[in-house]
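The values are calculated or read from the model by the stated rules, or taken from the named source; none is laboratory data. Here the structure is a predicted model, which means the values were calculated and not measured. FYI the Cβ positions are ideal-geometry reconstructions off the backbone, even for glycines, and counts take in every protein chain you see.
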Amino acid sequence: MKWVYASLAALSVAIAAAVIGVVDLSGGSSSARPAVKHTPPRKVSVVIPGTNDAKEEVVDGGIVGEGTFRATGAITDSGWARAYRAMPNPNLIVFRYVTKGKKGAITYHVAIHIKRLPPVSQWTIESGTGAYKGLQGSGNESENSTYTVTCLKGSVWR
């Protein structure tokens with residue numbers, strides 16, 4: 001009879017160890033997880049002329065224009081660009097710039113907080129294809145006085 005108790009005790013310990021192991025692997029300490037490594041941020045400048053030529057005010061996410069882009073710095077590419085504009089609330093204008101060059105496509109998300117003084121315009125990379133797949137980035141957006149040339153300056157990394 002002692003061997004039954006010993007077997008049950010050993011089985012209980014094995015089950016407990018297995019459960020603790022599963023818990024530890026699925027949600028244990030973050031120090032056991034490998035650290036995600038990113039490349040160092042590198043400077044980039046993207047100039048996008050000619051994408052604000054809509055004949056009427058667009059605030060529903062529609063196309064406001066098509067033009068070109070030229071990226072320099074960490075990204076060196078050029079090609080066509082298309083801009084979309086939305087105004088989800090009275091304090092925010094959102095642009096989405098889709099650019100397609102020889103090496104792939106990048107979609108930039110620009111948020112302009114117009115009620116802040118001075119207004120704050122920031123961009124992030126929403127997605128990328130080709131050589132730009134997995135690329136991340138952010139920075140500041142500015143425009144010329146007639147709103148016909150957009151400039152995105154910031155950093156990109158993987």
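With respect to residue 84, determine if the residue is in a strand (DSSP E or B), of a type outside the set (A, V, I, L, M) and crowded, with 20+ Cβ neighbours inside 10 Å. No, not satisfied.
Restricting attention to region 72-120, the residues being modelled with pLDDT of 95 or more and farther than 18 Å from residue 57 by Cα number 22. Considering only region 119-127, I want to know if a residue exists there that is buried (at least 18 other Cβ atoms within 10 Å of the Cβ) and out of contact with any His (no Cβ under 8 Å at 6 or more places or on another chain). Among the residues of region 119-127, not one is buried (at least 18 other Cβ atoms within 10 Å of the Cβ) and out of contact with any His (no Cβ under 8 Å at 6 or more places or on another chain), which makes the answer no.
Every residue, every condition in (1) out of contact with any Gly (no Cβ under 7 Å at 6 or more places or on another chain); (2) in the same structural domain as residue 85 (by TED's automatic domain parsing); (3) charged (D, E, K, R); (4) at pLDDT below 90, yes or no:
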{"position": "46", "(1), (2), (3), (4)": "yes, yes, no, no"}
{"position": "49", "(1), (2), (3), (4)": "no, yes, no, no"}
{"position": "60", "(1), (2), (3), (4)": "yes, yes, yes, no"}
{"position": "64", "(1), (2), (3), (4)": "yes, yes, no, no"}
{"position": "70", "(1), (2), (3), (4)": "yes, yes, yes, no"}
